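The values are calculated or read from the model by the stated rules, or taken from the named source; none is laboratory data. Everything numeric here is computed off the predicted structure, so don't read it as measured data. A quick note on method: Cβ atoms are made from the backbone with ideal geometry, for glycine too, and the neighbour counts reach across all protein chains shown.
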Amino acid sequence: MKTKLILLFLSVLIISSTHAQRIVVIGLDGLSTEGFQGSKHPNIDKLFEKGLITLSSRPVIPSVTLPNWTSHLTGQGPEEHGITANNWTLAKHPLQAIETDADGYTPSIFKVLKDKKPQARTAFYYNWAELINPINKKYLDEVSFEEDDRYKKNYAKALKFISENRKDPTLVFLYTVHTDHAGHGHGWMSSEYITAIEEVDVEIGNFINQLKEQHLYEDTYFLLLSDHGGIANGHGGVTMNEMQVPFGISGKKIKNLGKTDAFFNSNRNTSWILSKIFGLKDIPRSWTGTVPREIFK
């Protein structure tokens, strides 16, 4: 009888661990491949040393912030989701989305996850006000905006959210715009831009160490995303400085490829990758990205 109880307890633990699968998306706005190569980021390197990083991932066109983050979070390009500029709002936009929910928003990964796994917990942390505009907030359990390019409080909130929901499937989007603003203010590849990258790497390291201390690291998938690069003090064009960004991913089902160019990746693939990790089916018909099969074991 005692043996049966032990086996039952172990099976419950295994099931709970499966249900507790979580993904943390770390978004660094304006992080170019050139910037990644020209800066020091030991904590990011360590985070993906058992996964992979490609330095040839492509933004969608235009290489502008809101179209690209929307592509990351909806599996579509601007021609599908209809967002072609940073001034998009639900009330006023020239290009209609191919597919929308009942509230008029194009379907995001947060909606698909909530529809398929109602017990899932979702969070959206950001410090550029317009970023949330294309996302239907009713599919988000926590939303936090931090002003003046600050991001450390959001990292702390994300840690608390993950800890409180450790038994549920969890998707956390943890974004900061300060890297992009350093590029606009001082120039891409300026010392200030490089410093912005290296400073957030320290915060990422602190965040990861706290996840490990709370035993929340091993079962977590991590993604490193950017929207575009830059040249001089801007972006939006088609130079390689603007159109090449790093993409990193790690987790139990991810191949250990290190730095690789073994697959093609686009910002419109991100939601597809997240859906595969969560085991989601019946993807929205408007999602035109794909899953790079080469990254999975």
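Exactly one residue out of LEU225, LEU211 is surrounded by 15 or more Cβ atoms within 10 Å (Cβ to Cβ), farther than 20 Å from GLY30 by Cβ and of a type in the set (A, V, I, L, M): that is LEU211. Residues that are outside any loop (DSSP other than H, G, I, E, B), under 21 Å from ALA232 (Cα atoms) and not aromatic (Phe, Trp, Tyr) within region 29-48 comprise THR33, GLU34, GLY35, GLN37, listed in sequence order. Do the conditions hold for GLY187, that is, is it buried (at least 20 other Cβ atoms within 10 Å of the Cβ), farther than 21 Å from GLN76 by Cα and over 19 Å from the mean Cα position of the chain (by Cα)? No; evaluated as a whole, the condition is false for this residue. Looking across region 266-276, just one residue is touching a strand residue (DSSP E or B) at 6+ places or on another chain (Cβ under 8 Å), surrounded by fewer than 22 Cβ atoms within 10 Å (Cβ to Cβ) and touching a residue at least 40 places away in the same chain (Cβ under 8 Å), and that is SER266.
Does TYR217 meet the test of being without any contact (Cβ under 8 Å) to a residue 24 or more places away in the chain and within 20 Å of ASN43 (Cβ to Cβ)?
Yes: the conditions hold for TYR217.
The single condition among (1) within 20 Å of GLN210 (Cα to Cα); (2) of a type in the set (Gly, Ala, Ser); (3) buried (at least 16 other Cβ atoms within 10 Å of the Cβ) that GLY77 does not satisfy is (1).
Within the option set ILE83, ILE15, being modelled with pLDDT of 95 or more and of a type outside the set (Asp, Glu) holds for one residue only, ILE83.
Residues that are within 18 Å of SER266 (Cβ to Cβ) number at least 2 in the following strands (runs of 3 or more DSSP E) confined to region 51-170: 52-57. Residue pairs whose Cβ atoms lie under 7 Å apart, separated by 6 or more positions or on different chains, with the first residue in region 87-111 and of a type in the set (Asp, Glu) and the second assigned to a loop (DSSP other than H, G, I, E, B), are GLU99/THR106; GLU99/PRO107; GLU99/PRO284; GLU99/ARG285; GLU99/SER286; ASP101/PRO107; ASP101/ASN136; ASP103/ASN136. Between THR195, THR239, THR260, THR179, the distinction of being more than 15 Å from GLN21 (Cα to Cα), polar (S, T, N, Q), without any contact (Cβ under 8 Å) to a residue 24 or more places away in the chain and in contact with a strand residue (DSSP E or B) (Cβ under 6 Å, 6 or more places away or on another chain) belongs to THR239 only.
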